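As C-alpha cells, the structure follows; a few thoughts come after it.
Coordinate-derived values only; no laboratory data. Quick caveat: nothing in here was measured; it's all calculated off a predicted structure. Neighbour counts are summed over all protein chains in view; Cβ atoms, including those assigned to glycine, are modelled from backbone coordinates with ideal geometry.
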Amino acid sequence: MIEAKGVSKFFPVTNEKGLAEGLTAVLNVSLTIPDGRIVSLLGPSGCGKSTFLEILAGLQAPTDGTIHIDGRLVLEPLPATRKEQIAYRRRYRFISPLANGVFRDHPKHDIAMIFQDDAVVPWMTAIANVLFALKLRGFDPFDKLRDRRGLLNRLLSQSKHTRRELTEKALVYLGKVGLAQAANKYPGQLSGGMRQRLALARALSVEPKIILMDEPFAAVDALTREKLQDELLRLLSDTAVAGNAITIVLVTHDVSEAVYLSDEVLVFSPSPGTIRNRIPVDIRRPRARTDPGILAIQERILGMFQYDINQEAEYQI
C-alpha cells in the first residue's frame, strides 16, 4: 500500500532580474492507494503530477511530508533549516562508504518505473535490455535473497545455468508483449510502439509490486496507444490470476486513457498541484471505450478542466 501524507515540493528559482524566488510544484498532497489498484494522476501541464510521481519513486525528496510503501519510508524530507541540517548530519554520521556499498544495490521498495521516452539502452538488443534489468535487480531464479557482493561481482559470478534461466525468463516477458521475434533487434530497429512494449517487458520482468508510469504512451499514434493500453490491462490481469497483483500509478494528460485504465482518477488542480477531486471508476472489466458510464465520467472531468480554463481567462482579462 502506498501512503502519502502532506507531501509538498518547493523549488528555489531565480527570476529574470536575478532575484531569488520560489515555485511550489506540489502542495500538501495526501492519499492512500491500496495494493492491486490502477490510479491515474490527471491534470494540466505544470501541475506537479510528474514531480509527485518521482517523489513516489524516491527520485526526489519531498520538501515536506512523507511517502510510505508497505509501512516503510521512501525518502524523508530534506533539511530546510540549520537546526534540521545539524540533526540530519547527526543522524547519519555513522553511515560509512562501506555500509553504503553493502546496501545501495538493494532496492528498499519493489518499484519499476516507465518513462515517456521509453529509456531503453540503445546499444543493447531487446533481450539484453531485459536481462540488464534482471541483473541490476540481482534476480536469482533459485533464491530471491540478494547477495551483498556488489553489482559487478554478482554479474561476473553468474553461473551458465543461472544465465540460461535468466534468458528464458527474459524471452517469456518479451513474448508477453509480442516481441519474441524481435529479441535480437536493437531499439533503433524497433518502432516507437515496440520500444514502449520493450520498456513494459523490462518493468514486468523484475516482478515488481508497483509500476510507476509517466505518460508512457504519449509518443505513439492513437491506434498504437489503444493497443498498448489493452496490452497493459491483459498483462495485469494475467499477473493478478497468478497471485502477483501489481499496483499502477499512471501520469497522463489523456482523459479517456485515465478513465479507461483506472480504478480511480485523481484530478490535480493547476499549479501548485493539489488533489482537487478523487473520482472512482466503478465499472467492471473488460470495459468498452464507448460504455455510457465511461463517457459520463470523461464528460465530468472535461467539465472541470473547462471551468479552470474559463476562470483563468476571466482572471487575465
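Worth pointing out:
- Here r is the Cβ-Cβ distance between Val172 and Asp117 and R0 is 30 Å; the resulting FRET efficiency, rounded to 0.05, is 0.70.
- FRET E, pair Ile86, Phe11, Förster distance 30 Å, beta-carbon r, rounded to 0.05: 0.80
- Label-point separation in nm, Arg278 to Ser191, each point 7 Å along Cα→Cβ: 3.9 nm
- Here r is the Cβ-Cβ distance between Asp70 and Asp238 and R0 is 30 Å; the resulting FRET efficiency, rounded to 0.05, is 0.85.
- Checked against a 29 Å cut-off, the cross-linked pairs Lys135/Lys185; Lys9/Lys176; Lys49/Lys185; Lys135/Lys176 give Cα-Cα distances beyond that limit for Lys9/Lys176; Lys49/Lys185.
- Other residues lying with their Cβ under 15 Å from the Cβ of Thr51 contribute a combined charge of -2, Lys and Arg counting +1, Asp and Glu -1.
- Restricting the GluC sites (Glu not before Pro) of segment 13-73 to loop positions (DSSP other than H, G, I, E, B) with no more than 11 neighbouring Cβ atoms within 10 Å leaves Glu16.
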